[in-house]
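The values are calculated or read from the model by the stated rules, or taken from the named source; none is laboratory data. Since we're looking at a predicted model, the values are computed, not measured. Methodologically, a virtual Cβ is constructed for each residue, glycine included, from the backbone with ideal geometry; neighbour enumeration extends over all protein chains shown. Accessible surface areas use protein heavy atoms only, side chains included; no ligands, DNA or RNA. Shrake-Rupley method; radii C 1.70, N 1.55, O 1.52, S 1.80 Å.
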Amino acid sequence: MTKKFSIIILCLALCMGVLLSSCRLNSSNLYETHEFLMGTVIIQKIYHKDADKIAKEVNDRIAGIESAMTINKSGGEINLLNDAAGKEYVKLGEDTLYVLNKAKQYGEISNGAFDVTIGPLVKSWGVFTDNPKVPSKSEIDELLKLVNYKDINIDFENSTAMLSKKGQIVDLGGIAKGFAGDAAIEIYKKYGVESALISLGGNILTLGGKPDGTPWSVGIRNPRGADGSYIGIVSVKDKAVVSSGDYERFFEKDGVRYHHILDPKTGYPANTGLIGTTIVSDYSIDADALSTTVFVLGLEEGMKLVESLEGVEAVFITEDKKIYVTDGLKDTFTFKDESKEFEYVEKR
Ligand code: ADP
Ligand code: MG
């Protein structure tokens, strides 16, 4: 009896085990991919039965956006626009025209703090190359004459655009990843995905909440800590969380840190006392443009701009290691600084 009984128990245990593990598989059902695109690692976390197919479509879409909008590889629509600067209108696709127009709008909203015609200066500083340098003051002053978002002329009727002056260069590095993130969410929605997260470097987008219905926790990076160290988290559903900072790309010379976000008024890296900014909003194209914008504007002006915009919230991290958040974010932001170096200033 004991032998027969133990065989039955064993069979039952095996069945339970199989049953339990298949349940676990169904409840997690997470598909995750990593792909290097747009100069960063794109991470997708998708809960859906066709997630592999969906993730591939998203990566292909992002690769297409990158080829159209990058100035770091030859060909591409933005290069055509730049090559024809001061000469003629060029035909552009719907995506590029849309992003270009958005970029121009943010130029207007920010009074030129965000300006995608910053290209000649970005090239001269060479922050993205192996040989970055501090340009001479006279070179900077000369190149500054080419920086003006008002020189972006768009003819929607003919789907063409032109830059007014020879030598002008549009660089969509501060906004294109934001557009790509929104395009990814569109694809997820097309397939009926209800829960997903995509990370494009400092740009994170969430679709819905986590599969159990709770919000996603998105970490806000410690600008002076190692990769993966945070100063806090925001809990969000259906939001874009985009960060900019002087830690993303920089070089040091004679003890000075030169980073990749330039102030279009001076031609030098923005130096307004901020080291990190994060924007939370519905679309990442807005969050991307605005995180760069407020980094250039500084705490006071940046806060004023964000508070004036509907549905936009922000986190500001200052050089003296203080953290400020907009009123609308107070309930969703949790201060959690493992380094114990930062101070959360709840009331300004
Ligand atoms: P990241 O690309 O690291 O996520 P941002 O979104 O803040 O960072 O964009 C920085 C990039 O935007 C720079 O590398 C450059 O290509 C471009 N850029 C730099 N300064 C400005 C500016 N004032 N306005 C618009 N674009 C800028
Ligand atoms: Mg940006």
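With all protein chains present, how much of the accessible area of the stretch 283-348 (probe radius 1.4 Å) comes from carbon and sulfur, to the nearest whole percent?
On the way: 1480 of 3350 Å².
Here it works out to 44 percent.
What percent does the relative contact order of the stretch 68-163 come to when contacts are Cα pairs within less than 8 Å and at least six residues apart?
34
Given Cα positions, please report Rg to Rh for the stretch 68-163, the hydrodynamic radius being the Kirkwood one. Don't jump to the answer; show the numbers that get you there.
Values: Rg = 13.9 Å, Rh = 14.2 Å.
We get a ratio of 0.98 for the stretch 68-163.
Angle between the Cα long axis of helix 94-109 and the longest principal axis of the chain, 0 to 90 degrees, nearest 10?
That helix lies at roughly 70 degrees to the long axis.
What residues have an amide H closer than 5 Å to that of ILE169, excluding those fewer than 5 places away on the same chain, when H is modeled at 1.01 Å from N in the peptide plane?
Placed amide hydrogens put GLY119 under 5 Å from ILE169.
Taking Rh as the Kirkwood radius, which is the inverse of the mean 1/r over Cα pairs, what is the Rg/Rh value for the stretch 105-156?
Checking Rg against Rh, the ratio lands at 1.05.
Let me check against my output: what whole-number percent is the relative contact order of the chain, with C-alpha pairs under 8 Å and at least 6 apart?
Result for the chain is 15 percent.
State log₁₀ I(q)/I(0) for the stretch 233-348 at q = 0.20 Å⁻¹ as given by the Debye formula over alpha-carbon point scatterers of equal weight, solvent excluded.
Each listed q corresponds, in turn, to -1.12.
Excluding residues on the same chain fewer than 8 positions from LYS45, give the lysines whose Cα lies under 22 Å from its Cα.
Within the straight-line cut-off, LYS45 pairs with LYS53, LYS56, LYS177, LYS189, LYS190, LYS210, LYS237, LYS239.
Along its principal axes, what span do the Cα atoms of the stretch 28-72 show, with the longest given first and each in whole Å?
On the principal axes, the stretch 28-72 reaches 40, 16, 8 Å in Cα extent.
Got a number for carbon plus sulfur as a percent of the stretch 22-143's accessible area, 1.4 Å probe?
Accessible surface attributable to carbon and sulfur in the stretch 22-143 totals 50 percent.
With each pseudo-label sitting 7 Å past Cα toward Cβ, what's the ALA63-LEU144 distance in nm, one decimal?
Here the answer is 4.3 nm between the modelled labels.
In square angstrom, what is the accessible area per residue of the stretch 68-163 with a 1.4 angstrom probe? Don't jump to the answer; show the numbers that get you there.
On the way: 4680 Å² over 96 residues.
Per-residue accessible area for the stretch 68-163 comes out at 49 Å².
Excluding residues fewer than 8 places away in the same chain, name every one of the aspartates and glutamates whose C-alpha is closer than 18 Å to that of LYS91.
GLU66, GLU77, ASP83, ASP151, ASP155, GLU157, ASP171
Given the stretch 155-277 reduced to its alpha-carbon atoms as identical point scatterers, what log10 I(q)/I(0) does the Debye formula return at q = 0.18 Å⁻¹?
These q points yield log10 I(q)/I(0) values of -1.06.
Got a sec to turn the phi values of the stretch 175-186 into Karplus ³J(HN,Hα) couplings, 6.51 cos²θ - 1.76 cosθ + 1.60 with θ = phi - 60°, whole Hz, x for Gly and Pro?
9, 5, 5, x, 4, 4, x, 5, 5, 5, 4, 4
Ratio of the chain's C-alpha Rg to 2.2 N^0.38 Å, to two decimals?
1.15
Across the stretch 38-120, what fraction of all alpha-carbon pairs, as a whole percent, falls in each successive 10 Å bin from zero upward?
15, 37, 31, 14, 3, 0
DSSP loop (so not H, G, I, E, B), at most 13 other Cβ within 10 Å: list which trypsin sites (Lys or Arg not before Pro) in the stretch 151-183 pass both filters. Could the numbers behind the result be given before it?
On the way: sites: LYS165, LYS166, LYS177; in loops: LYS165, LYS166.
Within the stretch 151-183, the qualifying trypsin sites (Lys or Arg not before Pro) (loop, at most 13 other Cβ atoms within 10 Å) are LYS165, LYS166.
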